1. Compute the relative contact order of the chain as a whole-number percentage, counting only Cα pairs closer than 8 Å that sit 6 or more residues apart in sequence.
2. Can you run phi through the Karplus equation (6.51, -1.76, 1.60; θ = phi - 60°) for segment 363-369 and list ³J(HN,Hα) in whole Hz, with x for Gly and Pro?
3. Eigenvalues of the Cα gyration tensor times 5, then square-rooted: what semi-axes does that give for segment 329-386, in whole angstrom, largest first?
4. GNM on the chain, C-alpha springs below 10 Å: top fluctuator among L347, L18, L199?
5. Provide the gained length on full extension for the span I275 to L365, in nm with one decimal, where the gain is 0.36 nm per separating residue minus the Cα-Cα distance.
6. For a quick check: sort D9, D32, D126, D67 by the number of other beta carbons within 10 angstrom, fewest at the front.
7. Could you give me the percent of Cα pairs per 20 Å distance bin for the chain, shortest bin first, beginning at zero and ending with the bin that holds the maximum distance?
8. Convert 37 °C to kelvin, take the viscosity as 0.692 mPa s, use the Kirkwood radius over C-alpha pairs of segment 190-388 as Rh, and evaluate the Stokes-Einstein diffusion coefficient in µm²/s, rounded to a whole number.
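Only the coordinates and a few stated rules stand behind these numbers; no lab work does. Since the model is a prediction, treat every value here as computed from it, not as a measurement. In this analysis, Cβ positions are derived from the backbone assuming ideal geometry, glycine residues included, and neighbour counts consider all displayed protein chains.
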Amino acid sequence: MVKKNILVDITIYIVFILLGMYISVFQRSLNDISASYIFLGTFKGVLITSHFAGFLIMPLVTGEISDKFGRKLMSCIGFASFFLGLVLSIVTKNIYLYIFAFSLIGGGFGVIEGLMTTILVDINKDKENIVINISQAFFVVGALLGPFLVSFFITKGYNWRHIYFIFAVFSFIYIIYFALLKFKKSRRGVGKLKGIIVLKLLKKPVLLLLALSILMYVGIEQGIGFFITTYIQKLTVSEFIPSLVLSGFWGFMIIGRLSCGFLSRRFDSKKIIIILALFSGISLLFIIFAKGYILTGIGFSLLGLGFSGIWPLIVFLASKNYRIYSGTAVGIMMASSALGGMIIPFLSETAGSSFGINIGIASFLIPVIAIIIAQFAIIRIKAKKIDS
């Protein structure tokens with residue numbers, strides 16, 4: 001059983017590499033993807049919204065269903081949604097089907113990320129914090145590799161559709177794999193809550209605070225992703241330096257996530273999140289007041305380190321506090337992540353466009369403070385009163 005679980009762990013880590021690659025390919029190729037309908041000036045925003053809308057809705061539904069009927073079925077549905085969305089985006093010429101395709105992709109992406117995390121929790125009892133952090137480290141590895149994949153295909157005369165075809169092939173393989181896979185069943189069907197579990201859990205104060213925290217975090221991470229290149233380009237004419245700074249940001253995040261997985265076994269995860277958030281806030285201030293691209297690049301690298309463990313530790317706390325309903329709880333975290341990705345980058349971009357890029361970056365201090373306050377609030381709530 002142990003060897004089999006290790007094989008499943010490795011398989012899921014590969015899935016996270018692919019997810020990380022996909023999201024960075026999507027970001028890197030968004031201009032080319034939306035160029036098919038260039039007459040619609042806001043089409044890029046429409047595709048992003050469509051992607052996050054799917055990400056918001058599907059994990060909420062499938063998380064609860066996976067708690068009641070099993071992870072295997074919902075995993076296959078997640079990969080099937082991802083596969084169908086990819087294929088549809090490649091072949092369709094209809095604008096509405098094109099938009100719908102990216103909803104399917106975003107929904108499938110959210111379901112896959114949530115359920116793969118939940119399966120890791122199910123089969124790695126007492127090591128959940130480590131495997132969740134490791135999985136997210138692999139996600140970042142994929143995010144680092146994605147832009148290089150795009151560049152390679154472009155230099156060979158291919159485009160985003162060829163890359164999407166490769167992702168579709170892997171998705172189809174994983175549909176078959178999870179349909180045939182037998183792994184430890186989830187701890188479902190033994191809870192006290194009746195009715196629609198999502199609505200019941202949303203009344204739990206700790207889960208709401210965790211959802212708020214992850215909403216704020218993902219909003220910052222997505223927003224910073226849009227700001228880094230633009231910010232560094234204002235400081236240097238080099239085409240190489242912005243890519244180097246971006247690599248430093250993601251590289252330090254990998255190091256931090258691997259470290260936090262082990263640190264969380266010895267220290268309170270909530271306190272680690274507070275320390276990381278404080279470090280992130282200091283890094284943001286360092287970036288704002290830094291002079292030159294060297295110091296600014298160091299600031300962004302330190303920011304990646306500060307960001308590193310926040311997402312996986314929040315998800316770990318959600319699955320730990322609500323073990324019986326871990327699929328539903330993680331689904332809520334995925335939906336909250338999508339909401340943060342839709343709202344906060346838009347607000348920070350608006351602030352940056354209206355008052356200057358430094359103000360845009362400074363605006364991220366608000367969600368950082370919100371994360372810290374939320375964790376202190378959770379610490380004050382007695383776990384015995386909120387656990388189901």
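1. Numbers: 635 pairs, mean separation 96.6, N = 388.
It rounds to 25 percent for the chain.
2. 5, 6, 5, 5, x, 4, 4
3. Working: eigenvalues 172, 49, 5 Å².
Value: 29, 16, 5 Å, ordered largest first.
4. Highest fluctuation of the listed residues: L199.
5. Details: separation 90, 0.36 × 90 = 32.40 nm, distance 1.43 nm.
Full-extension gain reported as 31.0 nm.
6. Details: D9 18, D32 13, D126 7, D67 26.
Result, fewest neighbours first: D126, D32, D9, D67.
7. Going out from 0 Å in 20 Å bins, the chain shows 29, 60, 11, 0 percent.
8. Working: Rh = 17.5 Å.
Here the translational diffusion coefficient equals 188 µm²/s.
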